[in-house]
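So that we are looking at the same thing, I have put the structure below in structure tokens.
Derivation of every value follows stated rules applied to the coordinates shown; laboratory data play no part. Owing to the predicted nature of the structure, the values given are computational and were not obtained by experimental measurement. Here Cβ is always computed from backbone atoms with ideal geometry, including for glycine, and neighbour counts include all displayed protein chains.
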Amino acid sequence: MKHFKQYISLFLAAICLLAMAACTRAKDPVKVISDDALQIGVVYADNALSGRPSYFQRIGIEKAIEQMGLSEDQLHSETEITNLTENSSKESETERETTSAEPESFTDEKGKLHVKAVPITQPAKPSASEVVSDFAEKDCKVIIFTDEIYDSFSAKASANYPDIVFLQYRGTHSDLPNVISYSENASEGFYLAGRVAAVQGAKQIGFTACKDDRFTKEWINAFGQGLKDAESDANVIVRFTGSDMDLFLEQALAQQMLTEDHCDLLIQSVYSALPMTVAASGADGKTDKNVACIGFGYDMHSDGGAGYLCSVILDFSALFLPVLQAVQTDSLSFDPITAGYVQGVVGLSALQNADAAASDALKDIENNWVAHKKVDYSVITQDNGYVSNITVK
């Protein structure tokens, strides 16, 4: 009996130790950088306020900062920079300032009107090296480059600031010790959009896209693959604007796909809602001839009219929030980040104007996404690099 009591005592002690250990593990990671000490630098593209991924990243970064309870003063940003070289010298302000002529009119003592050009000096734009140096002086722990154009520069600059984490959008230098490449896996959203289009019974689909690069090609192929996996025989017509943003072409090409290609559904990977407004007006410009449509970037339901189905949406806060929190706790992994549906970066907005079958089918796909077989978005069946149900015009 005595030994039995000893065994019971030892058993209970072991249980207590295990419980204490579990409680210890359950605690939040210790922050090695306090909230008020976390300074963040961001370099946007020149047109970060317009139609590029930089725009959605700006929203995501600001949302992540707010969710962390940080002050706006802890976020330092620069939009227009020059000289993307590592060792760019610091030119004098007079050398880097630009001067333009601004017309100015005046009336002389005889009442005669005169117009003369008045030189206007534009403020100098900082060079890339100056921006990074300024961020370092502000003790930024992280510098985020939100556009591919900064890839080579950020890789070189990272060697001069080994204690700073460099986040590079669609970077190609993740082998460097303090550089993390990140991107959104929008292919997963477009794959889901393909499934929605198939269930809706679309037969001729018009896809308005920006530049014909490898990312856009993956998105288009994912959409086509979603159609094929749903056993749809729909055709996809793709027309490219050839630039990041061309408001005239985005509208004109969408209209062309209605009038010439006779599309019964429009989808886009351009960032303005103009293709949605075209769909809302119909092929003949009458609002009672709505065409089914799927937007991109944000929920475009207010632009798409009665035919609007959903949008492939981007939420970069779901990417930046865990990264910034990991920087604080010194638990950051430097593996490349490709965040999609599971991470909450990419998804579909709530279905509108869709029948119950489409809603049920999409819900089933979303609920089983993790267990779903990995979709091969690179299936090539044509010489032009697109799956067989896609035609580029």
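So how far apart, in nm, are the two label points at residue 138 and residue 352 if each is 7 Å from Cα heading toward Cβ?
3.7 nm
Long-range amide H contacts for residue 348: which residues qualify at under 5 Å (H placed 1.01 Å from N, peptide plane, sequence gap of 5 or more or a different chain)?
Answer set, sorted by chain and number: 313.
Then there's this: If r is the Cβ-Cβ distance from residue 80 to residue 175 and R0 is 35 Å, what FRET efficiency results, to the nearest 0.05? Please list the in-between numbers first.
Values: r = 30 Å, r/R0 = 0.85.
About 0.70, to the nearest 0.05.
How large is the direction-averaged shadow of the alpha-carbon convex hull of region 191-248, in nm²? Show your work: numbers first, answer last.
On the way: hull surface 16.0 nm².
One quarter of the hull surface, i.e. the mean projection, equals 4.0 nm².
Would you please give the FRET efficiency between residue 252 and residue 163, computed as 1/(1 + (r/R0)^6) with r the Cβ-Cβ distance and R0 = 45 Å, to the nearest 0.05?
Details: r = 50 Å, r/R0 = 1.11.
The formula returns an efficiency of 0.35 here.
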